[in-house]
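Mind having a look at this structure? Questions to follow.
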Amino acid sequence: MKDSKLRSDRLEFYTEDMERLHTELDSFLELSKARAALLIDRDGHLVTRRGDAVHTSPESISALVAGSFAATKEMARLLGETEFTVMFHQGKRDSIQLQLVGERTLLAIMFDDRTNLGLVRFYAQETALRLQDVFESIVGRRHGEELASNFSDVGEAALDELF
Amino acid sequence: MVQINFAQKQINAKIVYYGPGMSGKTTNLEVVHKRAPDTNRGELTSISTDGDRTLFFDYMPLDLGTIAGMKTSFQMYTVPGQVYYNSTRKLVLQGVDGIIFVADSSPGAMEANLESLRNLEENLNEYGKSLATMPHVVQFNKRDINGAMTVEEMNAQLNPHGVPTFEGVAATGQGVFPTLKGLASLVLKHIQSECGGGRPQPAAAASPAADAPAPKSEAKPAPSPAPAASGTGLELDDARAPRPTAPTTASTPEPVAHAQAQAQAPAPAQAAAPRPAPAPAPATAQAESTYAPAGTSAAQLMRQRSATAGARRARGDAQPQAGATRARRAAPRQAAERAPAPAKASALKGNLFVVGAAVLGAGAAAAILKFI
């Protein structure tokens, strides 16, 4: 039930949530020696990232990661697997591991030859559990801040300017 | 699903261009990419075949600027239109917040349009959603084709929910931005209705960039090869007040070649969290962290890990994912009864095809590695 609520509720992040997420990711990067870590919503939205700057659009990477993971999850289901929780892509210079965090988010870890896959996986698994706890606490919490009441009116004006 | 980050003052929404094969979905997005101000758009990522047919999706982030204190951006996707790719279409629809249905006005294309619309409804239902409650607009594309179906006929068949419609010739750019603006307006209203309620905020400090590039004028309607039937040609795509759905009001007509005239206050392309250098000291030294400061041996961490796993088991959370996958396929909340039957023949038939989808995933992975 908790997981289904996590899947269905919209995620809203506040300062303390981001601090907790950053704390976990920073710890992970320190221990694993990975280059960067991205937290990506299953819909393709980038939640946050830590570590070295990515050379190009992190939004594009997020969309590709989410799409890639969604495709393999569907394959797992049809093949009778519960799911594939980890994916790994090895490049010549850099590699990327995708780790499922609960049912809602993906942890994308970029690393190079400063570390190794075993070390990354070792710490990633624990990090994923801790991140899952953070997300569950986010969903279970009462909503605080809200959007401004004139959000859509201001948005209309912004659209007129942009388009 | 809209993602709201109050810490970073950011809202992200997912927009999908949907429609039958070759209706102009990718063309729409390419036009947006080409003509939107550089400060407002990201890279256009396409996973397509050698023949430039969309294989998995096209993607482009579009920054709308700061709206009522929130940096608002749309993640824009297209889907492959061919019937064969239904499973991948379904994946792309996950978490969608707004849909632009691109219909093909070519003579004889009505059946394909209808099939695509039915397919869209089915796929949305799998996620417990429906077109009736989903912000969406319809674009009648390819209005320049000889013998194009009439707008009235298309509207009658392809707009059961009475949403705003727009005419377009995406190949020349006409109608692309009015369509997008129409949907954006609906999506923002939808976000407001779901999440709003606070105090009013001052309008976005969006002073048009003085040095914004002049709008490209290729989209000017001038003598367009308008189909004779309509009589008013493609100017209608902007002059026509979009037919409002219940929550919207008719918008005033806009000039055609408006588009990207003024950029919003330059919105940073990187909306995500700041990127610090690797933290010199882990911040988890405090409290109940499993991670000890750097220098702790792996053996110690293994012990800590075991303790954490034991604690989780005691809480009954040892396998957070166990059994969740089946529940995942059961649509959340309102549509619990829609849990699909995985044993359907169609699902079995799709096995090989979805293995192919995994190959697409590998293609996406290759694209990811190219980026990094």
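Conditions: (1) surrounded by fewer than 15 Cβ atoms within 10 Å (Cβ to Cβ); (2) facing another protein chain (nearest Cβ under 10 Å); (3) not in a loop (DSSP other than H, G, I, E, B). Residue A:145 meets all but one. Number of the miss?
(3)
Would you please name the residue that is farthest from residue B:51 (Cα to Cα), looking only at residues in the range B:14-25 that are at pLDDT 95 or above and of a type outside the set (D, E, K, R)?
The extreme case among them is B:15.
Using the structure shown, decide if residue B:113 is part of a helix (DSSP H, G or I) and in contact with a helix residue (DSSP H, G or I) (Cβ under 9 Å, 6 or more places away or on another chain).
yes
Do we find a residue being within 14 Å of chain A (Cβ to nearest Cβ) and either at pLDDT 95 or above or under 28 Å from residue A:72 (Cα atoms) (or both) anywhere in the range B:101-120?
no
Moving on. Please determine whether any residue of the range B:78-89 is under 18 Å from residue A:43 (Cβ atoms), crowded, with 24+ Cβ neighbours inside 10 Å and in contact with an Asp or Glu (Cβ under 6 Å, 6 or more places away or on another chain).
yes
Then there is this: Filter the range A:113-142 down to the residues that are of a type in the set (A, V, I, L, M) and facing chain B (nearest Cβ under 8 Å) and list them by number. Can you show your working first?
Pass one, the range A:113-142, residues of a type in the set (A, V, I, L, M): A:117, A:119-120, A:124, A:128-129, A:131, A:134, A:138-139.
Selection gives A:129 alone.
Collect the residues in the range B:125-157 that are part of a helix (DSSP H, G or I) and either farther than 22 Å from residue B:26 by Cα or touching a Lys or Arg at 6+ places or on another chain (Cβ under 9 Å) (or both), keeping them in residue-number order.
Answer for the range B:125-157, where residues must be part of a helix (DSSP H, G or I) and either farther than 22 Å from residue B:26 by Cα or touching a Lys or Arg at 6+ places or on another chain (Cβ under 9 Å) (or both): B:125, B:126, B:151, B:152, B:153, B:155, B:156, B:157.
Can you say whether residue A:60 is closer than 28 Å to residue B:86 by Cβ and among the polar types (S, T, N, Q), as far as the supplied structure shows?
So residue A:60 passes the test.
Are any residues in the range A:9-31 touching a residue at least 24 places away in the same chain (Cβ under 8 Å) and either surrounded by fewer than 22 Cβ atoms within 10 Å (Cβ to Cβ) or in a strand (DSSP E or B) (or both), and if so, which ones?
First, the residues of the range A:9-31 that are touching a residue at least 24 places away in the same chain (Cβ under 8 Å): A:9, A:11-14, A:17-18, A:20-22, A:24-28, A:31.
Across the range A:9-31, the qualifying residues are A:9, A:11, A:12, A:13, A:14, A:17, A:18, A:20, A:22.
What pairs come out if I take residues in the range B:133-144 that are under 15 Å from residue B:183 (Cβ atoms) and without any contact (Cβ under 8 Å) to a residue 60 or more places away in the chain and pair them with residues that are part of a strand (DSSP E or B) and charged (D, E, K, R) whose C-beta lies under 9 Å away, six or more apart or interchain?
B:140/B:104; B:140/B:167
Scan the range B:39-91 residue by residue and report those that are among the aromatic types (Phe, Trp, Tyr), out of contact with any Pro (no Cβ under 8 Å at 6 or more places or on another chain) and closer than 30 Å to residue A:146 by Cβ.
Going residue by residue through the range B:39-91, those that are among the aromatic types (Phe, Trp, Tyr) are B:56-57, B:59, B:74, B:77, B:84-85.
This time we only want the ones that are out of contact with any Pro (no Cβ under 8 Å at 6 or more places or on another chain), so: B:59, B:77, B:84-85.
Passing the criteria: B:59, B:77.
Are any residues in the range B:26-47 free of Cβ contacts under 8 Å to residues at least 60 places away in the same chain, of a type in the set (A, V, I, L, M) and surrounded by 20 or more Cβ atoms within 10 Å (Cβ to Cβ), and if so, which ones?
The one that is free of Cβ contacts under 8 Å to residues at least 60 places away in the same chain, of a type in the set (A, V, I, L, M) and surrounded by 20 or more Cβ atoms within 10 Å (Cβ to Cβ): B:29.
Oh, and also: Give the residues of the range B:103-133 that are in contact with a strand residue (DSSP E or B) (Cβ under 6 Å, 6 or more places away or on another chain) and under 30 Å from residue A:11 (Cα atoms), sorted by residue number.
B:120
Residue by residue through the range B:151-202, note down the ones that are at pLDDT 90 or above, closer than 17 Å to residue B:99 by Cβ and charged (D, E, K, R).
B:181, B:189 - these are the residues of the range B:151-202 that are at pLDDT 90 or above, closer than 17 Å to residue B:99 by Cβ and charged (D, E, K, R).
Go through the range A:75-103 and count every residue that is surrounded by fewer than 22 Cβ atoms within 10 Å (Cβ to Cβ), more than 9 Å from chain B (Cβ to nearest Cβ) and under 26 Å from residue A:135 (Cα atoms).
4
Of the residues A:53, A:63, only one is facing another protein chain (nearest Cβ under 7 Å) and either at pLDDT 90 or above or part of a helix (DSSP H, G or I) (or both); which?
A:63
Which of the residues spanning the range B:165-189 are under 14 Å from the mean Cα position of the chain (by Cα) and either of a type in the set (A, V, I, L, M) or away from chain A (no Cβ under 14 Å) (or both)?
Matches in the range B:165-189: B:180, B:183, B:184, B:186, B:187, B:188.
From the set of residues in the range B:10-51 that are within 10 Å of another protein chain (Cβ to nearest Cβ) and assigned to a loop (DSSP other than H, G, I, E, B), which is nearest to residue B:89 (Cα to Cα)?
Per the stated criteria, the residue is B:44.
Further question: What tally of residues in the range B:86-102 results from selecting those that are part of a strand (DSSP E or B) and of a type outside the set (A, V, I, L, M)?
Total meeting the criteria: 2.
Moving to a separate point now. Does the range B:172-181 include one or more residues that are buried (at least 18 other Cβ atoms within 10 Å of the Cβ), touching a Phe, Trp or Tyr at 6+ places or on another chain (Cβ under 7 Å) and of a type in the set (Lys, Arg)?
The answer is yes, given that some residue of the range B:172-181 is buried (at least 18 other Cβ atoms within 10 Å of the Cβ), touching a Phe, Trp or Tyr at 6+ places or on another chain (Cβ under 7 Å) and of a type in the set (Lys, Arg).
The values are calculated or read from the model by the stated rules, or taken from the named source; none is laboratory data. Predicted model only: the values in this text are computed from it and were never measured. When we count neighbours, we look across all protein chains shown, and the Cβ atoms used for this are built from the backbone with ideal geometry, even at glycine.
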